[in-house]
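None of the figures in this text is laboratory data; all of them are computed from the coordinates on show. As the structure is a computational prediction, the values presented were derived from the model and not from experiment. Reconstructed Cβ throughout: ideal geometry from the backbone, glycine too, with neighbour counts over all protein chains shown.
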């Protein structure tokens, strides 16, 4: 692409029309379901503590902030949406731009579009039903639905029990499948699990169907409840189509003290990795202390869904302007 052509959009006009149709259909789906569309701030005093995600940072210097107020562009609208739920909003959804530092590639753009919604009274299994219903509404053909537990996926592909295997057993599975550079790699248990999942399991998920992977290891709960089962599992799911992760959902954690513990654990991990800690969302913790209704929520990547629905190989083909043209 020459510099003279960089003013042009990265997506075709036909793709933009397809995208507009998809957004209209999403809004109609939630209108019919009685789910309220909301908007929440893009900038916040607080950042995501998740060690796998970095926030863009900016600064407000106007009235009431003579010395400047650090602000973070949201990586998800989750925290303010949960504050709305605690204020008795009922079921809600949002379509918005979100921002993640350092994410760029065939399936990543640092600015992308997220659909996020929350359903009081749902658990993660019931929300899976609604996600499948919505995706099939948006698809040209009805996709079969496969529900696969995290443990079943590892047993099927690698003959490994992910909840009980040792680090050495996980490392041996990687070596057996000839992943390059494994012999000198040093990872913790979740690191090995994530490596095996991303390199050996994910590519085969959701082929000519929707695959919902659910009940992750408790150590990967993120913002989900942890079951009282043995072994305990995180009540979360991810949706895969054509080997691509499309959505990530939780049976939402409603315990303020536990949420604060996880935020602090995240920041400790950041500092152990030589990175800065970030301000945890104190207002979310206050809202959770007042009471989050039992609910499930999910974040679905609009751009990635567009990619699989249109069989596009690169995210730039489904967004008006990618980073090179921003």
Compactness relative to 2.2 N^0.38 Å, alpha carbon Rg of segment 117-186: 1.62
Fewest-first ranking of 251, 163, 67, using other Cβ atoms within 10 Å as the exposure measure: 67, 163, 251
Full-stretch length increase - residue 149, residue 8 - with 0.36 nm per residue and alpha-carbon distance subtracted: 46.4 nm
Förster radius 25 Å - calculated FRET efficiency between residue 185 and residue 277, Cβ distance, rounded to 0.05: 0.40
Label-point separation in nm, residue 28 to residue 97, each point 7 Å along Cα→Cβ: 2.7 nm
At R0 = 22 Å, FRET efficiency that the Cβ-Cβ distance of residue 159 and residue 107 yields, to 0.05: 0.15
Cα centroid separation, segment 89-106 to segment 214-278 (Å): 17 Å
Ranked 229, 123, criterion: other C-beta atoms within 10 Å, fewest first: 229, 123
Length-normalised contact order for segment 7-104 - Cα pairs under 8 Å, 6+ apart - percent: 30 percent
Average Cα contact separation per residue, segment 32-176, under 8 Å, 6 or more apart, as relative contact order %: 17 percent
Estimated distance in nm for a label pair at residue 61 and residue 261, the labels positioned 7 Å out from Cα along Cα-to-Cβ: 4.3 nm
Kirkwood Rh and Cα Rg combined as Rg over Rh, evaluated for the chain: 0.96
The chain - percent relative contact order, Cα under 8 Å, separation 6 or more: 25 percent
Full-extension gain in nm, residue 89 to residue 45, via 0.36 nm per residue minus C-alpha separation: 13.6 nm
